[in-house]
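Remarks on the structure that follows.
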Amino acid sequence: MAYELRSARYLAADCLRQVIRPGDTVVDATLGNGHDTLMLAELVGDAGLVIGFDIQEEALRRTEAALAQAGLAARCRLHAVGHQEMAAYVQEPVRAVAFNLGWLPGGDKAVTTHWDTTRAALDAALSLLLPYGVCTVCAYPGHAAGDEERQKLSTYLAALRPQEYNVLHSRFLNAGPGAPECFIVQRMG
Ligand SMILES: C[S@@+](CC[C@H](N)C(=O)[O-])C[C@H]1O[C@@H](n2cnc3c(N)ncnc32)[C@H](O)[C@@H]1O
């Protein structure tokens, strides 16, 4: 298939595919409909583990159903818990952590990620990363709260020590100001 420069989520997935190896442990910080969980579960293989978080039971139900249909549930551990609690649930270093901010597509738009908890989760995620592991964050600045979260995220990531992390920010310059953006953080060796 031809390489397609398509969306923030596509850029994040492209990076995750290059970094994750069979047998890895990874985190899906926002389960949602389970699309990312499914991809991560395929990448870690049957010897790997995906640890997932979402605050909505509906997101867990949808993700569990998608995993069961694909026969991948055994390699996933899902928690109906906010990702800000990640450190209590992830005991080993991880190759990757994926965040897809915002609300559950097709769900209640009032239940969305917030900078205070996203920040706490990022603190935990970055300290859990293995050397050369990555944390991907897709942000949705197309509405006021999402724009504020994206700005704070950008400020936070820009302040990370370059001796410890490399940070990449991708956005589609001709797609308008509200277009989703992708941030990738890699822990240095
Ligand atoms: C854009 S969706 C994620 C999409 C998902 N990755 C997929 O592939 O379908 C964002 C999700 O973040 C969840 N969320 C909001 N605050 C959260 C928190 N503090 N911890 C974990 N999940 C949270 C929402 O419930 C929602 O399901």
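Nothing in this text is a laboratory measurement; each read-out follows from the coordinates by a stated rule. From a predicted model like this one, the values you see are computed outputs, not experimental measurements. We place every Cβ from the backbone using ideal geometry, glycine too, and count neighbours over all the protein chains shown.
Structural remarks
- Any hit, the range 102-120, residues being more than 9 Å from the ligand (Cβ to nearest atom), under 22 Å from LEU43 (Cβ atoms) and either aliphatic (A, V, I, L, M) or assigned to a strand (DSSP E or B) (or both): no
- Residues located in the range 145-168, provided they are part of a strand (DSSP E or B), surrounded by 15 or more Cβ atoms within 10 Å (Cβ to Cβ) and hydrophobic (A, V, I, L, M, F, W, C): VAL167
- The range 128-144 - residue that is part of a strand (DSSP E or B) and farther than 17 Å from THR113 by Cα and, of those, farthest from the ligand (Cβ to nearest atom): PRO131
- Matching residues, the range 1-52, being closer than 16 Å to ALA80 by Cα and without any contact (Cβ under 8 Å) to a residue 60 or more places away in the chain: LEU31, GLY34, THR37, VAL50, ILE51, GLY52
- Within the span defined as the range 54-71, one or more residues are basic (Lys, Arg) and surrounded by 17 or more Cβ atoms within 10 Å (Cβ to Cβ).
- Residue check for GLU149: touching a helix residue (DSSP H, G or I) at 6+ places or on another chain (Cβ under 7 Å), in contact (Cβ under 8 Å) with a residue 12 or more places away in the chain and among the acidic types (Asp, Glu): yes
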